Each structure stands twice: as C-alpha cells, then as structure tokens.
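The values are calculated or read from the model by the stated rules, or taken from the named source; none is laboratory data. Predicted, not measured: the structure shown is a model, and the values here were computed from it. No Cβ is skipped: glycine too gets one built from the backbone with ideal geometry, and neighbour counts run over all protein chains shown.
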Amino acid sequence: MDHLQFKSNHTAAAYVADGLDTRTQEAFELHMMTCSECLGDVEIWRAMKRTLPREITGSGAPAVLPRYQQRMHRWKIAASIAVVGVIAAGGGWYGRSLEGPWADAEQIAFFSLPPLARGFSDCSPVTLESGTRLLALRVPGAMPDQQLVAIDANGRDLDPKIYSTRVQGDASWIVRLRSESLTDRTIRFEARSVDGTAEPLGCVIGAAHE
Amino acid sequence: MSYGDPLPTAPGTPMEKSLDQQAEGDSSLVMAISQGGTSQDQLYLRYRRPLLQVFLQRRIARDVAQDLLQRTFLQAIKKIRAEGLEDPSKLGGYLYRTACNLATAYWRGELARRRDMDTELLANLRDETLSLEERVDHELLAKCVRSLMMHLPMARDREVLLRFYINEEPKESICRSLDLSDLQFNQVLWRARQRFGEILRKHGFSLAR
C-alpha cells in the first residue's frame, strides 16, 4: 500500500483505534517510519483519543454534572460493574466453587477488571477483607484460541497451581485465585495466542487486608 | 517545528523526500554512525517520534516507552559500530523490528526496568523529536478535544468517535448500527480531523499541511 492509499483509507485513524489487521498495521508502521504526514496524523489521533471525554450529553457538550451527582454517578458505575462482575463471575464459577475447599461465599471476593484498563501500568487495586480466601476475577476480552496467563511484576509466569481460568459465554475469563497469592503484590494478565503473540489485559494490585 | 511538519531530516535537505533519497540518507547516516562522532543525534531526530508511536500502539506506558526508545537506539548504534547493517538503506526497518522485539520482550517480562533516565532525558530532548502530546500541555489538549466535541455538527459524529476510540468498537459494527456507508464513516473521521486541526491552530499550533 502506498501513501495515497493510506491517506484515502484513513489508516492513521484506524491504526490509533486498533482497527487494522496485523499485516496492514505492520505495513503502515513501516511507512510511518519515513512519512512525516502519516506520523503527524497518528499523533493527532492519539492525542484526540487520549483526551476524548468518556461521555457526552445530547447537545454534544461533555457531560458536566454537579459534584454530588458526579459522586452518585461514580457510585452507580461502580455498583453496575460490581453487579455485572458478581453475576458473570458467579455464573461461571458456581459449579467449580462447590467442588473446591472454600464453598463459603463469605470467603470469596468477586472483582471485575474494567474493559479498557489493559496496560500493565493501569493496575486496579484490590482490597481483600480478612477472611477472604479466594478471589474470583473477571477479565474481559477473551478471544478464541487465546490462553490467559497470570504473571508477576517481573514478568515471570505464576505457578499454574495457584490459579485457574475459564472462558465464559460473554467473552470474558474468570480467574480463580488464592487470596494470599495477591497479598501485597502485583499480578498481571496477558492473553497468549497460538502464534506466540501476547496481549496485555490489565493487572491487579493486592492491598493490605482490612 | 510545527505539528504536521515533515519528519526532521538532516539540515538543509528538502522536506519531502523520495524513497530513494530516504534510503540514501539512511545509508549515509549508518556510515557516519559507524565512524563515531555525534551522528546518533540525527538518528534520534529522525526516528524517535515514529518509534514512540510504535511503543504506544502496543499499550506501553509513556515512561516505559522512553526507556525502550533508549534501548532501541543503543542497540542499533552498537550493532552499526560493531558489525554494521546488512542493508544500511533499510535503517528505518531495522529500528522498527528492534522496537517491536523490545516491546514483545517487555510484555514477556524479559527486560529489567530502568527508571533513572526518563525525566532528565526528556527535558534535554530537542523540540523536533517530541511528539504532539509531549509538546502540548495535557489540559490544553483536553480543552481542544472538548471544543471539538462541542463543535462537531452532528450527534452521530460524536457517537462515532466515542465508539471507535473509547469503546474500541470495530468500524463495521459502528457502520452497521448507525447505517453508515464506508464513505460516510471516513467522512466523519475526516471532519473530526479537520476540525481538530483548526482548533489546534487557533491555540497556536500550526499544522502546515
């Protein structure tokens, strides 16, 4: 593909939106190495993507709510995530949990990773109350032929004995993890494909028990 | 340098270069680096911005990307000085592959993290090597984007941008649900890009294109 094709296809915009297939992305990146115009476009689109408001009102202006409404709004979002997480995790988890040593629901904490927090630098803190022995973590973004792997802060694969994963119908993984595995440490997740590529799917940091 | 200006090349050379000229420039740069001196500055000037985008595209945090950029250039300079490049005219391709390999190694946890150089190094960089986001204050950029969202003529355009960039929804799915043709979708992107350029220009960032 040449420069005109990249321009007419708005490849820079699609590139930043992660909308290119592997081959086109590689061709475009090689082109970008020497094309200042496409590089400029990519920088503009990335700046726009990074600063786009997360929501808009009907009039087009970014939603600016009064502070108390913002708090309520955040609570609603948090509650929704928690409910979705619990339902999704519970569905895929129920049968196996009954077989496990900790069938007591009070000893299980459910947590759902946000769908857009995929970078390892974007770690979600998880506070486990004392008595929690098991963490059920929902990780969105499951793709066919991928395997979810947990790794530590140094990039080493965790011992598969301390966690297990399974894919759910809503294209997410449920990770079952012993709570002590997360105490004061970072656990990252990546989806590995059969072709050897790996995609980061976020991470969690264990906070001190309350 | 203003945004949208062509990638900096050796002083005095035309801004628009043909592929042959680019290859020739790469070959001379490789030769100059292999002979020592400070030619690596030119290497940095020419390739830092595109390589930074390669790292950011792989969801590597900005501070880590600075580290990986350093490693990419150091690795290239060492190789050029020790054994040379098989095809010096493909220096850009070599740097690109090196960056891709380092990004993969980073995600696999095969690289020890270095934090010592980031801030100071960034402060000492020449202006031309900085990306748009490194040069423009984040708050100002956010203000420009808010302005863009308010001035896009159709609610549909705003929805397209949010779904494409924030929700990372595939283009085909957006087109299907909003009953947009491929051309109409591209027009939305084009309008947004043009508007954003105008807004940045109003804030003093020239887009000489």
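Miscellaneous remarks
- Scanning the range B:63-90 for residues that are surrounded by 17 or more Cβ atoms within 10 Å (Cβ to Cβ) and facing chain A (nearest Cβ under 9 Å) returns a single hit, B:Val64.
- Scanning the range A:121-142 for residues that are over 25 Å from B:Ala65 (Cβ atoms) and either under 13 Å from the mean Cα position of the chain (by Cα) or small (Gly, Ala, Ser) (or both) yields A:Ser130, A:Gly131, A:Ala136, A:Leu137, A:Arg138, A:Ala142.
- Considering the range B:158-192, the residues that are of a type in the set (D, E, K, R) and surrounded by 19 or more Cβ atoms within 10 Å (Cβ to Cβ) include one that is modelled with the highest pLDDT, namely B:Lys171.
- Of everything in the range B:48-62 that is part of a helix (DSSP H, G or I) and charged (D, E, K, R), the residue that is farthest from the other protein chains (Cβ to nearest Cβ) is B:Arg48.
- Residues within the range A:151-180 that are outside any strand (DSSP E or B) and in contact with an Asp or Glu (Cβ under 9 Å, 6 or more places away or on another chain), tallied: 3
- Within the range B:153-207, considering residues that are within 8 Å of chain A (Cβ to nearest Cβ) and of a type in the set (Lys, Arg), the one farthest from A:Val16 (Cα to Cα): B:Arg158
- The set of residues in the range A:30-40 that are in a helix (DSSP H, G or I) and facing another protein chain (nearest Cβ under 7 Å) comprises A:Leu30, A:Met32, A:Ser36, A:Glu37, A:Leu39, A:Gly40.
- Boolean, B:Leu141 is touching a helix residue (DSSP H, G or I) at 6+ places or on another chain (Cβ under 8 Å) and over 22 Å from B:Gln53 (Cα atoms): no
- B:Pro11 vs. criteria at pLDDT 90 or above and either within 13 Å of chain A (Cβ to nearest Cβ) or over 30 Å from A:Asp18 (Cα atoms) (or both): no
- Residue satisfying all of: in the range B:136-152; loosely packed, with under 15 Cβ neighbours inside 10 Å and either more than 9 Å from chain A (Cβ to nearest Cβ) or of a type in the set (Asp, Glu) (or both); farthest from B:Cys175 (Cα to Cα) among these: B:Asp137
- Of the helices (runs of 4 or more DSSP H) entirely within the range B:150-209, those holding at least 2 residues that are within 24 Å of the chain's Cα centre (by Cα) occupy B:155-161, B:182-202.
Here's the yes/no breakdown for (1) within 11 Å of another protein chain (Cβ to nearest Cβ); (2) assigned to a helix (DSSP H, G or I); (3) modelled with pLDDT of 90 or more; (4) within 17 Å of the chain's Cα centre (by Cα):
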| position | (1), (2), (3), (4) |
| --- | --- |
| B:Gly92 | yes, yes, yes, yes |
| B:Asn101 | no, yes, yes, no |
| B:Ala112 | yes, no, no, no |
| B:Leu122 | no, yes, no, yes |
